[in-house]
Amino acid sequence: MKSFAPAVRPAASPEPPAVVAFAGHAVTVAWAELLKLRRDPVELFSRAAQPALWLLVFGQVFARLKAIPTGKLDYLSFMAPGILAQSVLFIAIFYGISVIWEKDLGILHKLLVSPAPRSALVLGKALSAGVRGLSQGVIIYILALLLRIPLDFRLLHVLGVILFIVLGSALFATFSLAVACVVKTRERFMGIGQVLTMPLFFASNAIYPIATMPGWVSVIAKANPLSYQVDALRTLMIQGGSSIFGLGADAAVLFFVFVFLLMLTAAIYPNVVR
């Protein structure tokens, strides 16, 4: 006679810690964004035209004029990190338009009903923008080598450059996402993006020192996160480069501004679907 033993149910797998789950959601979103880039890699190379023009035309002319005091660095060496930061800015500041496209295609609604918290969605997109920014770093390094700019290839300095490229890209991409949540239409977003890029770039130390600026412009430059990214890149990327604010201050400003923008964007992110 057969005995019927009660079926033993397999133990449910334990839920991963909240931090691990959050990181997993963010990485998944970042990976999905990077897959889009793999399908259209031409975008990266097309964006190389603008920094090439700045370095090969603007930089060469002003290097001959010797009109801008840059201390112990020649003008091209002074300018190259600023153009790298500019390239990162120009990619990141228009990153928010992807959210508007996702809203129009209905993809955003699916993301918002997923178990991923809003902050993980925003962080994932910011990380993806950081990887895109690294592609600009490769382009600028190649151009700098062709122009015989004395680059610093010490391992810690190269890793520092990577860190500040990713952090700066993530910061401005998050800012772009916040703007997209407010304006909600592609036409308005593109107009605001065009308005924002030039003041951020020219009111920074990207192509001239803060010491040469009028007083009111220097105040704006010191409040501009781009100035701190340029300062860090100039210190780490160029042989003989030195920091005005200090690398610790550069990292702290960029990190805390990024965290603030991340929290702000996560709070208003659902509004983009309304």
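Close amide H contacts of Ile238 (hydrogens built in the peptide plane, cut-off under 5 Å, sequence separation of 5 or more or a different chain): Asp152. Rg then Dmax, both in Å and based on the Cα atoms of region 182-222: 13.4, 39. Here the Kirkwood formula, the inverse mean of 1/r across different C-alpha pairs, assigns region 157-215 a hydrodynamic radius of 13.6 Å.
With Cα atoms as the point set, region 118-178 shows a radius of gyration and Dmax of 13.7, 45 Å. Post the alpha-carbon centroid distance, region 62-86 to region 174-227, in whole angstrom. Going from one Cα centre to the other spans 20 Å.
Each peptide in 224-232, 134-142, 186-194 was scored by the mean count of other Cβ atoms within 10 Å over its residues; highest first, the order is 224-232, 134-142, 186-194. Derived scalar couplings between HN and Hα for region 135-150 equal 4, 5, x, 4, 5, 5, 4, 5, 4, 5, 5, 5, 8, 6, 7, x Hz in order, rounded to whole Hz, by the Karplus curve 6.51 cos²θ - 1.76 cosθ + 1.60 (θ = phi - 60°), x for Gly and Pro. With the convex hull constructed from alpha-carbon coordinates only, region 139-274 shows a mean projected area of 9.6 nm² over all directions.
Throughout, read-outs are computed from the coordinates displayed, never taken from laboratory work. Computed from a predicted model, the values in this text were never measured in an experiment. Note: ideal-geometry Cβ built from the backbone for every residue, glycine included; neighbour counts use all protein chains shown.
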